[in-house]
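The next block holds one structure in the form of structure tokens; read it before the comments.
Quick note: the coordinates plus some simple rules give every number you see, no bench work behind them. For clarity, every value in this text was computed on a predicted model and none was experimentally measured. Here the Cβ is made from the backbone with ideal geometry for all residues, glycine too, and neighbour counts use every protein chain on show.
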Amino acid sequence: MHDLALNQIIGYIIICGGIIFDFFGVLGLVRLPDVYNRLQAATKSVTFGSVGILLGVFIYSGFTATGFKAILCAIFILLTSPVSAHAIAKAAHKAGIKLTDETIIDLYQEDKELQK
Amino acid sequence: MRVFRWFIGLLFIAAFFVMNFVVFTEIPFNYKLINVLLFCSLFILIRVVRGPSVADRIVAIDILGILIIGVCAILAIALQRSYFIDIGIAWGLQSFIGTLALAKFLEGRSLDA
Amino acid sequence: MKTERKSRIVVFFLSLLIWILITMVCSIPSLIAGIIIALITSIFAGEMLIITERKFHLKRVWYTIEYLVKFTWELIKANFHVAYIVIHPLLPIKPGIVKVKTKLKRDSALTMLANSITLTPGTLTVDIDVDNQILYVHWIDVKFTDIEQTTKDIGGRFEKLLEEIFE
């Protein structure tokens, strides 16, 4: 741990930040009450955490094969993970999975009943 | 009741972090970071086992896929091999397509529409 | 016809670039294999990337950079918001699904708006009604239920920039 270059130290700091946000997202997955809230916390925090880890790997290894692949993977995650979140949320609502009791308003359900 | 359960969870998490970073000093630092991510995936497996509905399990599997990419990235710098990130890219692709297929199946549509 | 050919050329060079980045070997056989695979990709799936014709403006590059900076800032804020909610012992949430009206029409602009809303503080796009231009947004901490105020608060953060970039 004592003979690291400056870019390696910065890379490790960013990796640690990403891991902390990953941990918060997973904690939200366990603690929050229904599918939609879990999806919110988990998608945001785990996406940001994994992108942070990949950016840290890029800074750690510089302009090498590992670094370029890490950047490619980070762009890929940023583009795909919100799309799968939409897909799951829409499917869960259409499958009739209930929102939690603390919910105060559901305009989507009202509009679906209006169309019938 | 909720505060009591919060306190129990805090004790559990604090015990893990103390064991990981203070007690066992001979493990290399990269592997300590990977241990934290594996601890996260333990929580995800709790949600997979307990989840009251199918959608909860699909969400948990999707999140597990994104977390594994992080594990692959840290393994790549721990072992100085660049092909671990290829594994991460392939895993992310498969996980994305699988999640979309499961979501369509849950929605009640057929897979070719 | 012309946009289709342009789209195929863009897809060819994009997939060749990704091949080079993934393999990172600059030998002749690897490059030839990459060119063949990029040709196959652009023949079978080339016409889907660019659908409409539009002109190149220097202004659009500037707006893209502004959008990226704003998006990164909102992403960081969103993560601290989630961390605050998750750590708090009493879980201070007030969830609900609200409607947001949008002025955007193109599919690419709507997709980017939905992705941006999903990754910004407290909101998650559930469904898009393309005909009436309405987004259904799940909000973890509902402040207003009126459609005009939600449009201003949620959609207004990115809508103007995306309108400049995509339309």
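Which one of A:THR80, A:GLY17, A:ILE104 has its Cα pushed farthest toward the positive end of the charge dipole of chain A, where Lys and Arg give +1 and Asp and Glu give -1 at the Cβ?
Value computed over the given set: A:THR80.
Can you give the average number of partner chain beta-carbon atoms within 10 Å of each beta-carbon in peptide B:99-105, as a whole number? Walk me through the numbers on the way to the answer.
Numbers: counts 7, 6, 1, 4, 11, 2, 2.
Mean inter-chain Cβ contacts per residue within 10 Å come to 5.
Compute the relative contact order of region A:1-93 as a whole-number percentage, counting only Cα pairs closer than 8 Å that sit 6 or more residues apart in sequence.
32
Got the relative contact order for chain B handy, in percent, Cα pairs under 8 Å and 6 or more residues apart?
19
Relative contact order (percent) for region C:11-105, with alpha-carbon contacts under 8 angstrom and 6 or more residues of separation?
Answer for region C:11-105 is 23 percent.
Which whole number gives the average count of other chain Cβ atoms within 10 Å of the Cβ atoms across peptide A:67-80? Intermediate results must be reported in sequence, preceding the final value.
Values: counts 2, 6, 13, 9, 2, 7, 10, 2, 0, 6, 8, 4, 4, 9.
Across A:67-80, the average partner-chain Cβ count within 10 Å equals 6.
Given Cβ point charges of +1 (Lys, Arg) and -1 (Asp, Glu) and nothing else, what value in debye, to the nearest 20, does the dipole of chain C about its Cα centre take?
420
Tell me what chain A gives for mean residue ellipticity at 222 nm when only DSSP H runs of n ≥ 4 count, each as -39,500 (n - 2.57), the sum divided by the residue total, rounded to 500 deg cm²/dmol.
Value at 222 nm, helices only, nearest 500: -28000 deg cm²/dmol.
Let me confirm one metric for peptide B:73-79, namely the mean number of other chain beta-carbon atoms within 10 Å of its residues' beta-carbons.
For this peptide, the per-residue mean of nearby foreign Cβ atoms is 6.
What ranking of B:ARG57, B:ARG47 emerges when the number of other C-beta atoms within 10 Å of each C-beta is taken as an exposure proxy, fewest first?
Fewest to most other Cβ atoms nearby, the residues stand as B:ARG57, B:ARG47.
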